[in-house]
1. At 7 Å along the Cα-to-beta-carbon direction for both His71 and Ala53, put a label point, then send me their distance in nm to one decimal.
2. I want to verify a result. In a Gaussian network model of the chain, Cα cutoff 10 Å, which of these has the top mean-square fluctuation: Lys193, Lys211, Lys57?
3. Going highest first, how would you order 77-83, 26-32, 230-236 by mean Cβ packing within 10 Å?
4. At 0.36 nm per residue, minus the direct Cα-Cα distance, what do Ala154 and Asn99 gain on full extension? Give it in nm, one decimal, please.
5. First select every other residue whose beta carbon is under 12 angstrom from the beta carbon of Ser76; then total the charges, Lys and Arg +1, Asp and Glu -1.
6. Could you give me the radius of gyration and the Dmax of segment 6-136, taking only the C-alpha atoms into account and expressing both in angstrom?
7. Assuming R0 = 30 Å, what is the FRET efficiency of Glu182 and Ser213, from their Cβ-Cβ distance, to the nearest 0.05?
8. Zone of Lys20 (label point 7 Å along Cα→Cβ, backbone N under 17 Å): which residues in segment 41-75?
Amino acid sequence: MQTNSRRSMVAGNWKMNGDKALVKQMQNVLAEVSLDNMDAVICPPFPFLGLFADNIKLGAQNMSQFDSGAHTGEVSVSILKEFGCSYIIIGHSERREDNFESDDVVAIKVEKALNAGLTPILCFGEPEKIREDGSLFSYIAAQLDAVLQQVGIAQFANIVLAYEPIWAIGTGKTASPEQAQEVHAFVRGHLAKLDSDIAANIVILYGGSVKGSNAEELFSQEDVDGGLIGGASLNPEDFLSICQAANQ
Ligand code: PGA
């Protein structure tokens, strides 16, 4: 049996939500508990990044594909680093859809984040019709292969993956633990064809309507190492209970 050193993780993706009061509340709630067996990461909108205390692990929700210069409205990886980010969500389905981010752009962003020493949280996942028409695994493999071609398998030692079926995001329609496990195991198997150690050790999060009430069952699946949480990450108590489910 392959051994692994995977550490659980829960990342809260606030999306375009939250306010200064929530920054304080979240910080206070997280300060009251010790979560020794997992990493809790907050990914707020850009302006709030600078408001968090140093003991909170921070992630950005996006970064520019460019290094600096005349790119109005964009934020570079070096700026995010200066504001304390150690993670960056890359390739979220909402950005792929709203901002037309292709697999190629996603791959470039992952490479730039890695070069800057930050950990990409690389999102992938299928729309419902892909699952229905039976092309789920080839669709997911293609999303991952675009990044593999750009950065190579060795760099996957420095990447966190997040499987987010689009039909489960913000819909209340969570993937069943078996559906999540099936895809996570497929991904590990896909990477194992290139490097079995990296495949065994890469952290794979599940995202899509994770709540305090379903987190434990999802996280108990063999290949599910935690979650990327949208809606429930806006309530500090709910977020904490999800973190506690990952801390066991
Ligand atoms: P949700 O969002 O938890 O609100 O479904 C998850 C995500 O989009 O990261």
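Here, each number is a calculation from the coordinates, and none is a lab measurement. Quick caveat, the model's predicted, so the values are computed rather than measured. Don't worry about glycine lacking a Cβ; one is built from the backbone with ideal geometry, like all the others, and counts go over all protein chains shown.
1. 3.4 nm
2. The residue that fluctuates most here is Lys193.
3. Values: 77-83: 17.6, 26-32: 15.1, 230-236: 20.4.
Per-residue mean Cβ counts within 10 Å order the peptides as 230-236, 77-83, 26-32.
4. Gain on extension, Ala154 to Asn99, equals 16.9 nm.
5. Details: positive: Lys81, Lys109, Lys112; negative: Asp67, Glu74, Glu82.
So the environment of Ser76 carries a net charge of 0.
6. Expressed in Å, the Cα Rg and Dmax of segment 6-136 come to 15.8, 47.
7. The value I calculate is 0.90.
8. Flagged as within label range: 45-53.
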